[in-house]
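Have a look at the structure below before the remarks.
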Amino acid sequence: MKKILVTGSKGFIAKNLLVRFQNDPNYIFYKFSRDMDISLIPEYLTKVDYVIHLAGENRPKKIDELKKNNEEFTQVLCQKIKEEIENSKRTIKLIFTSSIHAVSDTEYGKSKLEAEKIIKSYSSNKFLTNIFRLPGIFGKWSKPNYNSVVATFCHNIARNLPITVDNPKNIIKLVYIDDLLKDLILSLKMDDNEIYKNIDSEYSISVEDLASSINSFKLSRQNLNIETVGSGLLKLLYSTYLSYLPTDEFSYQLKENNDVRGKFVEVFKGQTIGQVSYLTINTNQERGGHYHHTKTEKFLVVQGKALFRFRDLLTDKFVEISVSEEDSKIVDTIPGWAHDIKNIGSEKLVIIVWANEIYDPKNPDTIQHRVSL
């Protein structure tokens, strides 16, 4: 079991760390935040073998707060760790989240660099140290309009508030919070004294592309077009955007197309994923009666009983397939075969539909053709 003191325990990174591992029996966390008395540090250090030092100042109201919260606190923390090591003869490891700005000529960067120097001056075979120079971290629970452009864009766009894109072509580097947590936990598992540690998963994106992607997430509820959000940076940005939605935006209305047969509702679509919809067919009604040259579809009955009928345009061969909600069976439409669907049950028929292309009214690839003779 690893016992860990976390400084900055009310911050963005710490919130995610503590929630993710709160029920993991392999870790016990002790929390220290800025509103606590620094005299508690020595007592905590008697209980732990690791310190994850997340505390720091990013956007101070006064410039001297950088020195106080980034440098002086780090100095006190390191001195107390050294004293505990000397008293207990134990090894303690300090993991520090610095910033890529430590190499920049800014007051914030200088304060992080000075904190690094302090930590390195204490490093020894008993005082193990790892330093992560982090780019922008993004994910749920990051404070908007503070120090994360992703959080600011997600929060404001979700609420129809304006965003400012000062340098649209500027490339920013990002790390997702869950990827960072993996690196921090891996660091806990390694009794190494490698001063600087690399981040395994890092992404780059221009500010204008970041704004465009997040705007597209909002618009997708209206136009139903969704980007490829199943992998890579877009997946992580999309999940992050959703975490900033106001509670009254947790759901949204879809457009229904109704007639005597039932209704047809588009759910979402994309150039690389096709289109997902659902349809209903009232009792004794049928839909379809057409064929496609290239377009294909998959149908899944989730309520009721359906009769799928097919007719080959060349041979006139006729095929029937009966499917009910109990079957969990997919029925494909086949290019060159006319098809229709009839409700042969006693209740409304509900079917989920996937098509391999987005419906284009100018080129529908849907030609009317009677199936039954």
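Just a few scattered comments:
- Residue match in the stretch 134-146 (condition: open to solvent by 30 Å² or more (accessible area, probe 1.4 Å), more than 30 Å from Arg90 (Cβ to Cβ) and without any contact (Cβ under 8 Å) to a residue 24 or more places away in the chain): yes
- Neighbours by Cβ (under 7 Å, 6+ apart or cross-chain): first from the stretch 85-107, in contact (Cβ under 8 Å) with a residue 24 or more places away in the chain and over 16 Å from Tyr50 (Cα atoms); second in a loop (DSSP other than H, G, I, E, B) and among the hydrophobic types (A, V, I, L, M, F, W, C): Glu107/Ile63
- Residue in the stretch 95-105 that is open to solvent by 80 Å² or more (accessible area, probe 1.4 Å) and among the aliphatic types (A, V, I, L, M) present: yes
- Only one of the listed residues (Ser187, Ser204, Ser213, Ser251) is of a type in the set (Gly, Ala, Ser), under 21 Å from Val175 (Cα atoms) and surrounded by fewer than 15 Cβ atoms within 10 Å (Cβ to Cβ). That residue is Ser204.
- All positions within the stretch 259-269 that are more than 11 Å from Val353 (Cβ to Cβ), in a strand (DSSP E or B) and hydrophobic (A, V, I, L, M, F, W, C): Phe268
- Residue check: Asp360 meets all listed conditions (1) closer than 29 Å to Asn225 by Cβ; (2) among the charged types (D, E, K, R); (3) at pLDDT 95 or above but one, namely (3).
- Qualifying position, being under 22 Å from the mean Cα position of the chain (by Cα) and not hydrophobic (A, V, I, L, M, F, W, C), among Lys173, Lys112, Lys126, Lys120: Lys173
- Residues (farther than 28 Å from Tyr108 by Cα and either part of a helix (DSSP H, G or I) or not basic (Lys, Arg) (or both)) located in the stretch 46-72: Thr46, Val48, Asp49
- If the condition is being of a type outside the set (Asp, Glu) and in a strand (DSSP E or B), then the stretch 283-303 contributes Arg287, Gly288, Gly289, His290, Tyr291, Lys298, Phe299, Leu300, Val301, Val302, Gln303.
The values are calculated or read from the model by the stated rules, or taken from the named source; none is laboratory data. All of these numbers come straight from a predicted model, not from anything done at the bench. Heads up, the Cβs are rebuilt from the backbone with ideal geometry, glycines too, and the neighbour counts pull from every protein chain shown. Just so you know, the surface numbers come from the protein's heavy atoms only, side chains and all, with ligands and any DNA or RNA stripped out. Shrake-Rupley method; radii C 1.70, N 1.55, O 1.52, S 1.80 Å.
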